[in-house]
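Input: a single structure, listed below in structure tokens.
Laboratory data are not the source of any read-out in this text; all were calculated from the coordinates shown. Since the model is a prediction, treat every value here as computed from it, not as a measurement. All Cβ positions, glycine included, derive from the backbone under ideal geometry; neighbour counts span all protein chains shown.
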Amino acid sequence: MITPAELARLLEIPEPTDEQARVIEAPMAPMAVVAGAGSGKSETMAARVVWLVANGFVRPERVLGLTFTRKAAAELGARVRRRLDALREVLPADELERLGGESLFDGEPMVSTYHAYAARLFGDHALREALEPTMRLISPAVAWQICSRVVDAYNGPMDRIDWSPDTVTKAVMELSGDLSEHLRTAEDVRGVGSRLDEMFAALRKPLKAQRDVLAKHAVREQLMPLIEAYGRAKSAKEVIDHGDQMALAARIAHRHPEVGMIERSRFSVVLLDEYQDTSQAQLVLLRSLFAGGHPVTAVGDPCQSIYGWRGASAGNLLRFAHDFPAQPGAGTRRPVPAPVVQLSRSFRNGERILDAAARVQEELRADTKAVPVLVPGAGRDGRGRVECALFDTVEEEAERIAARIAALLAADPGTAPDGEPQVEPLRFADVAVLARKRSQFPLLRRALEARAIPVEVVGLGGLLTVPEVQDVVATMRVMHDPSAGASLARLLTGPRWRLGPRDLVALGRRARALAQEQARDVTPPARDEGAGEAPDGPEPSGEGPAEEADDPLRQLVGELNQETGSLVDALDDLGDPAAYSPEGFGRLRRLRDELRGLRGQVGLPLPDLVNEVERALGLDIEVAARSGLDPVTARADLDAFIDAAARFAGDAEDPTLGAFLAYLKAAETEEFGLEAGRVGETDSVKLLTVHASKGLEWPVVVVPGLSFTAQKNGNPAKGSIFPSPPQNATRWTANPRVLPFPLRGDRADLPNLAGLEKDDLAAFEQACAERDVREERRLAYVAVTRASALLIATGYWWGSSGRPLGPSPFLEEVREVCAAGAGKVVAWADRPPQDATNPLLTDPDEAPWPVAPGERGRTDLSARERYEAVVEGARMVEDAMAGRVLHWAGAEGLSDADRGRMSAWARDVELLLAERDRGRGGDGTLVELPGHLSVSSLVSLARDPAALARQIRRPMPRPPAPYARRGTAFHSWLEGRWGQQRLLDPDELPGAADEGAADDADLARLQDAFEASEWAGREPLDIEVPFETIIGDRLVRGRMDAVFRSPGGGFEVVDWKTGRPPSGDDARFAAVQLAAYRVAWAQLAAVPVERVSAAFHYVRAGVTVRPADLLDADGLAALLEGVPAG
């Protein structure tokens, strides 16, 4: 038998540690692995699969691996595939013969996400529950729209609910998801109400607290008809959301034991990654399928279970030994628990950072004995550095963080952040700022940008705090909603329009006058004759017209408080120009015309509409002009917002502007947001929440806002940052949006409500509060363990309130570690005196209003100077166009720096003129391709290099592309037919690259045509395969529709086309797409490219085209050598 160490030497990879070897060579039986952060769990799981195959215990295709993200699944699958291919090459011939020959290694382990596996199971066995197997999985955006329509149309009793429609929609979606996750129904909720009534009746003297519990549950029960209506709406559309999918799969597995028999016979070994994040429905599914001694290995870390708010239960990993016993009980024999082993050596974090992590984790380990203390792996001893600081104010904290990051980037490139030598210099992208709340983003972002440090905000909710994105959203709201007066006020008072208070007063008067005119049309008011002759309406109440005329701000506030009309309507109908200043009227009229033009384009696809708004506002130029940033990095946040619009438009059934704005409002008001977002590839500091950082790592991590103030019981009070009190109460007795704990599958891990007596409620409340603090500590542990070289933890005394905060327990613990030698306490401000006042409030900022150009929000210290320079340059251009050219004044009196700058300008002018002359001469220049390309860009390069060059050199908005959405229904049907659905990026929509793609209305004909083709009876090896591959010196990305096995051990990549087959040069250019797929699969499968073929199958025509002489990697690289200028 080959040992793990021998196998590692054969494969020429580092030998596993003793702990890893114990997991790798464990018997074929259930086992739980508690793996700390950075302990190499993915490597260990891959090594176990290869070891089992190498020793003949299992064939590769009989291994099932499940994880939570497609990225993790792809990485694990690729790692296993590489090791298996390497093993085939190095195993002696007699060993290969003993294992059954080389064909053993042709099998492919099934590595998937939990949800994709549930989708396959549902598709295969839905008929056992009389369900339609082809029910379509919908995204959260589509689910929001369906639920919102149900809420809007509901006419049942709502007397106990005083929420807005958006809040009701969120409540319905949350409770519906919880009911699905815990396999409960509305009747179960009503049953809890009956038990509460019995407990209340037994009280001798009911108090308000007890009545409140019943009142909250009454609200919950009143939501049940809405939840049932939401379920019926999904059924009518034959769609399911993620919660439904998992619940239905769990129900099928639980009710039909034969499904478990089928799955156990198919998969001899099961690996479960991130098991601490599994929900109750996932537990029921997996236990129903694989309990009873089947070889299941679950890997996770209960200290990193931070998704309890969305159904995850850390207790699942701790109970694994009993849920999946090594030997099930029989008769009087007790079941034998599965063994629990540990991985305690971290290969990510330096030793000193592990010291801080251990201190933060200490209380969690006290509750969970199975969790190990992490020790540094090879090469990490003595590495890492920890810094902590406590500042006077939150503004000082932001400024000091920005200064520290700037110093790190300006330091010796050969020295790592922890002071040790390094090969690669530190980049902006190597730094992350992990905030507990999104409300921390704006101040941190401004401080970083003030030092010309590029910043990328990750996640949709975080993007909505970015000024340029806020301007786009405000404009869209004004376009759509006549009542969006607050959004219009943001635009009017901003640096672009800079409307003064007197003109705002006039606009407010006009709005009120229009409202009164509309009211008069309906019911004429009883008024004295002549009382309302003035077009601006009656005089507002106050101390007198003369005094108000001297105080326009008071006048504005008083009149807008009385305002019942619409400022947006008033902008559209400005009335008498004499009511405004000439300049103010001109600006209002220009804004009105701009908004009218934008409203005329509301029918555009959402991404195109967002682009139009951005261009109208001039934001594309404004962000590109930021000093010190390249254009791609400068507009990263705007691009991310456009991507969010594209995802919404691609997913939603009715992607209207109104639906998108409602979706944004939900993301803005929910601390966790509706989407986690993806970390971009720009060279910029990443600003994101701790929740969004799970699974990621950076050399330098900053954790700001470790400040809190305690309640009497020691728990965080309102205003605390980290630890933070819950945004909404987590007690089901106080929050109707929370499922009652007795109905949850993990109720054994949750506080128990023994009764409604005063002491019972107090004990329950305290237990819930302690549970909330443990959740915050897990979050702090995740934040600390994201850093590999330098961890910076900071807090402050004074925030935005009149009461000081103070260092949080987590910051105090990090300080202890620093004092013990792990790092440095950079600063520690003294506690303010008892009678101290907040310096941020006692000395408020003063600024002129309207805001002067270039001074918006102090986001850039050079903004005003840059603005004045632009104005001066514009005047010079105007003078030149009018013939008023000033004579050269010479260089007298200029500093050396100014002389150097003028020389640089002269050189730039010469180069620009030379470029113009070359362009006129037609000799062309070379254009540098971007660092990463899509496959469609390769096709464009082959078809029309000049057009691609022009697009790269001067990117222009693309016209609406209806083909990008056509053919999607067919591809979605095809995924469901083969039992796998994956969430796609908008640029990867199936059929997006099909020229002349068929309309979705032709779906039935396409389905019939496909079923008659040669491919209908074949089973693909994989579908919708994402890839990234290096061609030449460029990263090429794409997604392959399907991969099949070919006779003789080869592979064939097939791309489904729903349009007409091309001919001539178009066919030759299209073949570049297949060439890229062929090279990519050869690299993914680690096989020679000669063993891979590729084909287009034109579904409507029933024709499969296999181009001859496809380009290889060298041929594709030749395409990238030069792009002529257009």
Give the shape of the stretch 1-85 as rounded, prolate or oblate, defined through the alpha-carbon gyration tensor: a ≥ b ≥ c are the square roots of its eigenvalues, a/c under 1.5 means rounded, and otherwise the shape is prolate if a/b is larger than b/c and oblate if not. rounded
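So what's the net charge close to residue 719: Lys and Arg +1, Asp and Glu -1, counting the other residues with Cβ under 12 Å from its Cβ? Write out the running numbers ahead of the final one.
Values: positive: 437, 718, 803; negative: none.
Net of charged neighbours comes to +3.
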By Cβ neighbour count within 10 Å, fewest first, 163, 797 rank 163, 797
Determine which lysines satisfy two conditions relative to residue 437: a Cα distance under 16 Å, and not lying fewer than 8 residues away in the same chain. 686, 694, 718
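Rounded to the nearest 20 debye, what is the charge dipole size of the stretch 206-287 about its Cα centre when +1 sits on each Lys and Arg Cβ and -1 on each Asp and Glu Cβ?
Numbers: 12 positive and 11 negative charges, 74 e Å.
Charge dipole of the stretch 206-287: 360 debye, to the nearest 20.
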Amide H neighbours of residue 416 under 5 Å, counting only residues 5+ apart in sequence or on other chains, H built in-plane at 1.01 Å? 422
Counting other beta carbons within 10 Å of each residue's own, what order do 64, 1035, 687 fall into, fewest first? 1035, 64, 687
Hey, which lysines would be in cross-link range of residue 758, C-alpha to C-alpha under 16 Å, not counting anything within fewer than 8 residues on its own chain? 205, 208
What ranking do 895, 346 get, fewest neighbouring Cβ atoms within 10 angstrom at the top? 895, 346
DSSP-loop GluC sites (Glu not before Pro) across the stretch 997-1071, with at most 12 other Cβ within 10 angstrom: 1014
Between residue 57 and residue 420, what length comes free when the chain is fully extended (0.36 nm per residue of separation minus the Cα-Cα distance, one decimal in nm)? 126.2 nm
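Order 709-717, 606-614, 414-422 from most to least packed using the mean count of other Cβ atoms within 10 Å.
Numbers: 709-717: 14.2, 606-614: 22.0, 414-422: 15.9.
Highest to lowest by the protection proxy: 606-614, 414-422, 709-717.
Would you please classify the overall shape of the stretch 1-154 from the alpha carbon gyration tensor, given that a ≥ b ≥ c denote the square roots of the eigenvalues, rounded means a/c under 1.5, and beyond that prolate means a/b larger than b/c while oblate covers the rest?
Numbers: a/c = 3.00, a/b = 2.08, b/c = 1.44.
The shape class here is prolate.
Need the full-extension length gain, residue 1067 to residue 333, defined as separation in residues times 0.36 nm minus the C-alpha distance. One decimal, nm. If you can, show how the numbers build up before the last one.
Values: separation 734, 0.36 × 734 = 264.24 nm, distance 6.98 nm.
Working it through step by step, the gained length comes to 257.3 nm.
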